1. Which one of the conditions (1) open to solvent by 20 Å² or more (accessible area, probe 1.4 Å); (2) more than 21 Å from ALA43 (Cβ to Cβ); (3) touching a residue at least 60 places away in the same chain (Cβ under 8 Å); (4) not acidic (Asp, Glu) does MET123 fail to meet, given that it meets all the rest?
2. Report, by residue number, each residue of region 81-99 that is free of Cβ contacts under 8 Å to residues at least 40 places away in the same chain and open to solvent by less than 20 Å² (accessible area, probe 1.4 Å).
3. Looking at GLY117, GLY106, GLY66, GLY78, can you tell me which residue is free of Cβ contacts under 8 Å to residues at least 24 places away in the same chain and open to solvent by 20 Å² or more (accessible area, probe 1.4 Å)?
Amino acid sequence: MIRKAAILCSIVCALMLTACSSNNSSSNAAGSPDASAQSGLTAEEEIVITATNYSFDQKEYHLKKGVPVKVTYKNESGSHGVLVPEMKLRLDAKNSSQVILPGEAGTFEMTCAVMCGSGHSQMSARIIVE
């Protein structure tokens, strides 16, 4: 009886791991730089966001609504990243660029995507879509 329960438990665990790993791979593909190539999105503009210890190089970045833009992240010092959840934009040392299509006008808060130390909570800028 215990052997049957152990086999059943193993099968359930294997199925759960398989389901979880297939969900993770699809979400990773959506956030990767190659996701724009797969969707056929070609950038018409490009911006470069440079990070140093506890600050970005600009307080505001301006984008045009409906115009695809390649966002490239450069790190000059420390360990940082870029995070704008509303735009599904997350960049760091491993994924340093992504093409996005701003579909909604507004002001969006950009923060550091990597816990970088004592000034992390103050590391922010705005992306303004006009």
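The values are calculated or read from the model by the stated rules, or taken from the named source; none is laboratory data. Because the structure is a prediction, the values reported are computed rather than measured. In this analysis, Cβ positions are derived from the backbone assuming ideal geometry, glycine residues included, and neighbour counts consider all displayed protein chains. Please note that ligands, DNA and RNA were not included when accessible areas were found on the heavy atoms of the full protein model with its side chains. Shrake-Rupley method; radii C 1.70, N 1.55, O 1.52, S 1.80 Å.
1. (1)
2. Of the residues in region 81-99, the ones free of Cβ contacts under 8 Å to residues at least 40 places away in the same chain are 81-83, 85-86, 89, 92-94.
Of everything in region 81-99, those that are free of Cβ contacts under 8 Å to residues at least 40 places away in the same chain and open to solvent by less than 20 Å² (accessible area, probe 1.4 Å) turn out to be GLY81, VAL82, LEU89.
3. It is GLY106.
Residue by residue, here is whether (1) closer than 15 Å to SER55 by Cβ; (2) not charged (D, E, K, R) holds:
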site	(1), (2)
VAL84	no, yes
MET87	no, yes
LYS94	no, no
THR107	no, yes
HIS120	yes, yes
